[in-house]
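Everything on this sheet refers to the single structure shown next.
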Amino acid sequence: MDGGFYTRDHAGIRASNDGSAVVMTHKNNAFAIDAKLEEVKVLEGHLQEIRAVACNHDSSLWATGGDDKLLKLWRSPEWDCINTWTCKRGISAIHFHQDGQQLFFADKVGDAYSVSLTSTEAPVLVTSHISMITDLTVSADGGFLVTSDRDDHIRVSQLPKAYNIQAYCVGHSDFVAKVLLLESHSELLISGGGDGTVRLWNFMEGKLLHTASLPCNMSATADKEGLGIVSSLSWSASSQRLAVTVENENLIYIYKYNHDNQSLDLHKTFTLSSMPSECCFDGIGALWVTGIQPFVSRYVFNGDEINEDETSQLASKLRQKLNQIVNAENEATVKGPMKRKNRLPLTMRGRPERPGKQEDGVGSEVQDDSIETVHVDKKKKLSND
């Protein structure tokens, strides 16, 4: 069963804390818009699928990373790329430390790194999992790093010495796709994954407080291989709402945290015209949603009602730019020359041997040259896996 981090095409979205800036990704394209820009800014440089986007607390710095092994740092409101790191493997998750001076990221072989944003030092290995790290986040006080992996593990590590393990959150029966710390509840963690559940934890103790099964799992039309997989989680501290999107469902589930029972209660379900890939609350409680179809929308809450904000200039400009890019790509595909490769007859083709898989775990040797820092526009060729 594959989650969103395995799919070939991906669309993601992140909004600033004050709601004035949004970065959206679609395949290998990234777009930025804020209240001061008259037009959408295209963030160029990625060559393959972008898998992760993050911003720091005041939204002055943004980071993108993906399958091309490039980690890029952008400065707003100019939206200039101020640094690029080339990694040994594709990037699966990114998170800024609350002090604004460090950036954490994970790759697809199960390693998590930190990089200083105030020096030219190379990224430093922080911790490792045996399998791919699917997501990571840092506690509000900056003292704990939470990482999840494809083998249904959630690990809580102490910072800065992450080899000191605070707790494990054990309970998922399939891979964990997303982890989310609640800003307004410093000890609470929410996770979701391939087992069709959203779980609430006291991450300091590794204690499971509540398990909420996704409603789509009880649907008569549910496809065992395609539904019930959490693709994104987002928490609104201002409205105390949790938004959940699910693979192959054109629905968004809204949960509320019940403080008395320490549980997640399903509050609302609303239907979209297209299947969402990711959602994100901004700092004022509006919900941004995007998908691979492609589309981007902003929704506002009025009591129990959820309505699309058709007056949002940011969303309108993002839609226009996204449609321009997608239409141009489709036109190029249709008009592009058909190139025929010289290929051997089927009976003469051999299957090359697949290289052996090397597993990296805690305590395994890490090559010093696994990551190198390069300046913008000076890296012409990516290293091969």
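The values are calculated or read from the model by the stated rules, or taken from the named source; none is laboratory data. This structure is a prediction, so every number in the text was calculated from the model and none was measured. Heads up, the Cβs are rebuilt from the backbone with ideal geometry, glycines too, and the neighbour counts pull from every protein chain shown. Each accessible area value is taken on the protein alone, full model and side chains, heavy atoms only, with ligands, DNA and RNA left out. Shrake-Rupley method; radii C 1.70, N 1.55, O 1.52, S 1.80 Å.
Report, as a whole number in µm² per second, the diffusion coefficient that Stokes-Einstein gives for the range 78-131 at 10 °C and 1.306 mPa s using the Kirkwood radius over alpha carbon pairs.
Here the translational diffusion coefficient equals 133 µm²/s.
Just by accessible area at a 1.4 angstrom probe, what is the order of D149, D58, D309 from largest to smallest?
Reading off the accessible areas and sorting them downward yields D58, D309, D149.
Calculate, in nm to one decimal, what K36 and S238 gain on full extension: separation in residues at 0.36 nm each, minus their alpha carbon distance. Please report the intermediate quantities before stating the final value.
On the way: separation 202, 0.36 × 202 = 72.72 nm, distance 2.42 nm.
Answer, rounded to one decimal: 70.3 nm.
Return the Rg/Rh ratio of the range 1-149 with Cα-based radii and a Kirkwood Rh. Display every interim value, and only then the final one.
Working: Rg = 14.5 Å, Rh = 15.4 Å.
When Rh is taken as the Kirkwood radius, the ratio is 0.94.
Ordering H210, H129 by how much accessible area each has at a 1.4 Å probe, largest first, what is the list?
H210, H129
Could you go through the range 142-151 in sequence order and give the Karplus-derived ³J(HN,Hα) for each residue, using 6.51 cos²θ - 1.76 cosθ + 1.60 with θ = phi - 60°, rounded to whole Hz, and x for Gly and Pro?
x, x, 9, 10, 10, 10, 10, 9, 6, 9
Going by accessible area, probe 1.4 Å, with all protein chains left in place, what is the ranking of M24, M204, M132, largest first?
On the way: M24 0, M204 65, M132 20 Å².
I get M204, M132, M24, largest accessible area first.
On full extension of the chain, what length is gained from L125 through D141, given 0.36 nm per residue of separation minus the C-alpha to C-alpha distance?
This chain segment gains 3.7 nm when fully extended.
Using a simple spin-label model with points 7 Å from Cα along the Cα→Cβ vector, what separation in nm is obtained for V326 and K268?
2.5
Measure off 7 Å from each Cα along the Cα-to-Cβ vector at D99 and V170, then give the distance between these two points in nanometres to one decimal.
Rounded to a tenth, the inter-label distance reads 3.3 nm.
Going down the table (K72/K268; K27/K321; K72/K178; K69/K178; K41/K256; K27/K72), which pairs top 25 Å between alpha carbons?
K72/K268; K41/K256
Along the Cα-to-Cβ line of R75, 7 Å from the Cα, sits a label point; which residues in the range 109-145 have backbone N less than 20 Å from it?
Label zone hits: 115-123.
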